[in-house]
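Here's the structure, in structure tokens; my notes come after.
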Amino acid sequence: MKSVWNSFKAAFAMFSKIPTPMVDWNKENMKYMMCFFPFVGTAIGILTWLVGYVLGSHVQMEPFFLAVILTVIPVFVTGGIHVDGLLDTSDALSSWQERTRRLEILKDSHAGAFAIITACVYFILWLGAWRQLLGDHDGICIMSIGFMMSRCLSGIGVIIFPKARTDGTVAEFSRNASEIVARNVLAMMFAALAVLMIWINPVRGVLAAGTALLVFWWYHHMAMKYFGGTTGDLSGFFLCICEVVMALVLGVSGIVVL
């Protein structure tokens, strides 16, 4: 039980800015860390639901201001760790260099022009999606769950995809993880979350879960074709793309279904 608790703390220490007790970064404490990665999404989802539905329904606030708050919640909770991967990967993909050079660009701490463009487009899409979803109870609830779902798939990718680098963060997590347990736990969590989405709204729940799986398939194809496997930056890239595409699909589907 001690290693499970330490893995929980390690997950929040690594993937969020939420204060957690200190934990040693050793193999035993990282053994089940990926199992708890989706719970960072739980924190984001709860805050999203409170702001988007509770606050949005009971407090008279400018809708655009609420959309801004909803857009920055994941960044405040995570410290932008996944957005960093989104921007690094965008620079690498836009370079159109050979594989080795792309992997070097991922490690470069400087942000290129394509990273800045991607950041602008990414946050504008979130603003638009949240503005469309405000007042949409089913859409906000499903998207709140989506922050867990994206992390389930990201964690599965870390475990089962080939690693582009043997010395990277993802490779280190994979070596220290109990891979079979983590993979099965994340797969079962994904299935449970999909069922919950469908229970909230059958049509939109299927659309959201199906969208996440389609983006996951595309992510695997892209990672293998251009990088020869996954990395920590690519995992963050997938998570960001998965979430914003789910939000856009829910926003558009709300117009049709409602």
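The values are calculated or read from the model by the stated rules, or taken from the named source; none is laboratory data. Model, not experiment: these values are computed from the prediction. FYI the Cβ positions are ideal-geometry reconstructions off the backbone, even for glycines, and counts take in every protein chain you see. These area figures cover heavy atoms from the full protein model, side chains too; ligands, DNA and RNA do not enter into them. Shrake-Rupley method; radii C 1.70, N 1.55, O 1.52, S 1.80 Å.
Among VAL203, VAL215, which is the only one that is open to solvent by 10 Å² or more (accessible area, probe 1.4 Å) and either in contact with a strand residue (DSSP E or B) (Cβ under 6 Å, 6 or more places away or on another chain) or over 21 Å from LEU125 (Cβ atoms) (or both)?
Values: VAL215 fails: either in contact with a strand residue (DSSP E or B) (Cβ under 6 Å, 6 or more places away or on another chain) or over 21 Å from LEU125 (Cβ atoms) (or both).
It is VAL203.
Going by what's in this entry, would SER109 be described as among the hydroxyl-bearing types (Ser, Thr, Tyr), over 24 Å from VAL206 (Cα atoms) and either touching a helix residue (DSSP H, G or I) at 6+ places or on another chain (Cβ under 7 Å) or in a helix (DSSP H, G or I) (or both)? No.
Condition test on THR166, is it over 22 Å from THR42 (Cβ atoms), at pLDDT below 90, hydroxyl-bearing (Ser, Thr, Tyr) and outside any helix (DSSP H, G or I)? Steps first, please.
On the way: over 22 Å from THR42 (Cβ atoms): yes; at pLDDT below 90: yes; hydroxyl-bearing (Ser, Thr, Tyr): yes; outside any helix (DSSP H, G or I): yes.
Here the answer is yes, as THR166 does meet what is asked.
Cβ separations smaller than 7 Å between residues 6+ apart or across chains give the following pairs from the range 86-97 residues that are over 14 Å from LYS225 (Cα atoms) to residues that are buried (at least 16 other Cβ atoms within 10 Å of the Cβ) and of a type in the set (S, T, N, Q): LEU86/THR118; LEU87/THR118; SER90/THR118. Filtering the range 210-229 to residues that are within 19 Å of ILE159 (Cβ to Cβ) and at pLDDT 90 or above leaves ALA212, LEU213, VAL215, PHE216, TRP217, TRP218, TYR219, HIS220, HIS221, MET222, ALA223, MET224. Filtering the range 49-80 to residues that are open to solvent by less than 60 Å² (accessible area, probe 1.4 Å) and in contact (Cβ under 8 Å) with a residue 40 or more places away in the chain leaves GLY52, GLY56, PRO63, LEU66, ALA67, VAL68, LEU70, THR71, PRO74, VAL77, THR78, GLY79. Within the range 171-185, is even one residue modelled with pLDDT of 95 or more and either within 20 Å of TRP217 (Cα to Cα) or buried (at least 20 other Cβ atoms within 10 Å of the Cβ) (or both)? Looking through the range 171-185, none of the residues is modelled with pLDDT of 95 or more and either within 20 Å of TRP217 (Cα to Cα) or buried (at least 20 other Cβ atoms within 10 Å of the Cβ) (or both). Anything in the range 92-114 that is open to solvent by less than 20 Å² (accessible area, probe 1.4 Å) and touching a Ser or Thr at 6+ places or on another chain (Cβ under 8 Å)? List them, or say none. Across the range 92-114, the qualifying residue is only LEU106.
Report whether or not VAL249 is of a type outside the set (Lys, Arg) and surrounded by fewer than 17 Cβ atoms within 10 Å (Cβ to Cβ). In short, no. Out of ILE117, ILE198, one residue alone is at pLDDT 95 or above, open to solvent by 20 Å² or more (accessible area, probe 1.4 Å) and over 17 Å from the mean Cα position of the chain (by Cα). It is ILE198.
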